[in-house]
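The structure appears below as structure tokens.
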Amino acid sequence: MTATPPPRRALGLVLAVTSVVALGLGLTACAPPDKGASPSASAPVDGGTLRVAAPGSAKDKIDPNINSGSVIDLLRTEQIYDNLTKYDSDSKLTYQLAESMESNAAGDVWTIHLRPGVTFHDGSTFGAEDVIATIKRVIAPDSAANGKSLLGFITADGLTQIDDLTVEVHLDQPYGPFPEIWTNKYLRIGSSDIDAGGAPNGTGPFVYEAFTPGTSSTFTKNADYWGDKAHVDTLDILDFADNSAALNALKGGQVDITYSVPLTEAKAVDDLPGISILDSETGMYLPIVMRTDVAPYNDPRVREAFKLIVDRQEMVDVALNGYGAVANDYVGRYSSCGDPDLPQREQDIDKAKKLLAEAGQSNLQVEIAVTNGTAGMVEAAQVFAEQAKKAGVTVEVNNMDASVYLDNYLNWPLTVDFYTDTYLQLATRTLTPGASSNVTHWDNPEFLSLLNTAFETPDADARCAIENQMKAVEYNDSGNIVWGWANVVNAYADNVHGLTPDTTGKAVNRLNLVWLG
């Protein structure tokens, strides 16, 4: 589903610090210990076909800017297309297609210097024209691009090509963390003729070979890749109905890696002969989401009551099988700003009942929409339904196919979603009116004002103080129940090498680093 972008002022400053690692702030987030990294031979071995299973649907689409946002869509696009900047496995900002970015003193004009010698898969030369075309494609008035809301501070007439490898971007207002936005998974760079048809054509480590929606896709090694060249000759990404089916394919030897293991099975999987797990502590969260513009969730008392229904440790222990940590109703786990001074929200059934009674919503009956989009989503809905009974709330779990869920993505009154980004990035994409992933439909003027001020504030310490005020507003009023941080657990055959834990949750996306031994 697409949405009307928020007003330019709110969106501009609300732009995306795509990771907790803002440039100039310096990320002090703790990287998790290596847990289950795949063994490495003395040197990588080239050749062979790597087979990866991931949950998908018949509506899968290979497009760097416009897709369903499903795990398998994003997995495919990352193999074909690159970003201007990127976060590494420790959430440190690095340059990719951009070689550097610099601003004027005011921070409202940014110059992007592009990497020379990069070619698209069709042999054409990558350059400034392609970057400008991608940005214009995303921000066009009729654009359905997922990342449109992230670029509300850019207009088409603010883009200037200085030369083949230099783009100058004039902003509506100063914006300090400009380099971070370009790490976003929906802002990968395509060729200037992307809408002319033909095969997907990127600059990434793998070249498109074939695609059958809902079934499989095949890619071959890009021998001319500018970065770390792939070790395997061929990459097959196979669609499965859910994570359990994908895991069974790994057990049966049909695939070498499965993207996400059902967390309830992770410990048992790690004990299987010939199979290991990769356990990455990440900033992923699986919020229970309430639409704040429809009854009964438009009443703040109901939203608070639902937050008080949740036993967060039980959610982590059961829904995540212990592979995670308790959260506190604000997004963005890894932040150089640290955590705000807010009391850890605990289950309080008596207060939840009182709030529901005051709102005239005792004995409430609701439905929660969910799909098996990533490990723990369905289980989170089921555990919440059990916990809600204590407060007299009946929650019917509607577990549906991914395509049905996504068709109505922004319209479910109560649902479970999943995200894994940093605070300002998530604030822009999920907590501003009209943004592409604002499933809560939350529109809080105080929050938006703080967000705008944060992006206009050059001093890192002052910006952190504002960010923590934003988290307090979110904690008290938003439609998200951010109950825990979920580890991402991947499973792989013992002949797979080169996988390492990744705080971004994308260990399996970096398939050019993987080899078979």
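Across the range 489-511, what is the number of residues that are surrounded by fewer than 23 Cβ atoms within 10 Å (Cβ to Cβ) and out of contact with any Ser or Thr (no Cβ under 7 Å at 6 or more places or on another chain)?
Number of matching residues: 5.
Collect the residues in the range 329-350 that are surrounded by fewer than 15 Cβ atoms within 10 Å (Cβ to Cβ) and either among the basic types (K, R) or within 23 Å of the chain's Cα centre (by Cα) (or both), keeping them in residue-number order.
If the condition is that a residue be surrounded by fewer than 15 Cβ atoms within 10 Å (Cβ to Cβ) and either among the basic types (K, R) or within 23 Å of the chain's Cα centre (by Cα) (or both), then G338, D339 are the ones that fit.
For the range 485-507, name all the residues that are assigned to a strand (DSSP E or B) and either of a type in the set (G, A, S) or modelled with pLDDT of 95 or more (or both).
Passing the criteria: W485, A486, A491, Y492, A493, V496, H497.
L426 fails exactly one of the following numbered conditions: (1) among the hydrophobic types (A, V, I, L, M, F, W, C); (2) modelled with pLDDT under 90; (3) touching a Phe, Trp or Tyr at 6+ places or on another chain (Cβ under 8 Å); (4) not in a helix (DSSP H, G or I). What is the number of that condition?
For L426, the failing item is (4).
Give all pairs with beta carbons closer than 8 Å in which a residue from the range 336-360 that is under 15 Å from V326 (Cα atoms) meets a residue that is assigned to a loop (DSSP other than H, G, I, E, B) and open to solvent by 30 Å² or more (accessible area, probe 1.4 Å); count only pairs at least 6 apart in sequence or on separate chains.
What qualifies is Q347/D311.
Being more than 19 Å from P296 (Cβ to Cβ), open to solvent by 20 Å² or more (accessible area, probe 1.4 Å) and of a type in the set (D, E) narrows it down to one residue among E396, E386; which is it?
Answer to the selection: E386.
Test P33 against the criterion of being at pLDDT below 55 and either open to solvent by less than 10 Å² (accessible area, probe 1.4 Å) or touching a Ser or Thr at 6+ places or on another chain (Cβ under 8 Å) (or both), and give yes or no.
The answer is no for P33.
Could you please tell me which pairs satisfy a Cβ distance under 7 Å, a separation of 6+ or placement on different chains, a first residue in the range 440-463 that is assigned to a loop (DSSP other than H, G, I, E, B), and a second residue that is open to solvent by 20 Å² or more (accessible area, probe 1.4 Å) and small (G, A, S)?
Short answer, once both residue conditions are applied: P458/G176.
Tell me, which residue of the range 90-111 that is within 24 Å of the chain's Cα centre (by Cα) and of a type in the set (A, V, I, L, M) is most open to solvent (accessible area, probe 1.4 Å)?
Here the answer is L93.
Of the conditions (1) under 28 Å from A210 (Cβ atoms); (2) modelled with pLDDT of 95 or more, A241 clears all except one; give me its number.
Looking at each condition in turn, A241 falls short on (2).
I'm trying to understand the selection: among the residues of the range 71-89, which are farther than 16 Å from D421 by Cβ and either part of a loop (DSSP other than H, G, I, E, B) or open to solvent by 10 Å² or more (accessible area, probe 1.4 Å) (or both)?
If the condition is that a residue be farther than 16 Å from D421 by Cβ and either part of a loop (DSSP other than H, G, I, E, B) or open to solvent by 10 Å² or more (accessible area, probe 1.4 Å) (or both), then Y81, L84 are the ones that fit.
If you scan the range 268-285, which residues turn out to be within 22 Å of the chain's Cα centre (by Cα), of a type in the set (V, I, T) and open to solvent by 10 Å² or more (accessible area, probe 1.4 Å)?
I277 - this is the single residue of the range 268-285 that is within 22 Å of the chain's Cα centre (by Cα), of a type in the set (V, I, T) and open to solvent by 10 Å² or more (accessible area, probe 1.4 Å).
For the range 286-328, enumerate the residues that are touching a Leu at 6+ places or on another chain (Cβ under 9 Å), surrounded by 23 or more Cβ atoms within 10 Å (Cβ to Cβ) and not in a helix (DSSP H, G or I).
L286, I288, V289, M290, L320, Y323, G324 - these are the residues of the range 286-328 that are touching a Leu at 6+ places or on another chain (Cβ under 9 Å), surrounded by 23 or more Cβ atoms within 10 Å (Cβ to Cβ) and not in a helix (DSSP H, G or I).
Got a number for residues in the range 271-323 being out of contact with any strand residue (DSSP E or B) (no Cβ under 7 Å at 6 or more places or on another chain), under 15 Å from A352 (Cβ atoms) and β-branched (V, I, T)?
2
The values are calculated or read from the model by the stated rules, or taken from the named source; none is laboratory data. Every value quoted in this text rests on a predicted model; they were computed, and no experiment measured them. Every residue, glycine as well, gets a Cβ built from its backbone with ideal geometry; the counts of neighbours run over all protein chains shown. Remember, those area values only see protein heavy atoms, side chains included, never the ligands or the DNA or RNA. Shrake-Rupley method; radii C 1.70, N 1.55, O 1.52, S 1.80 Å.
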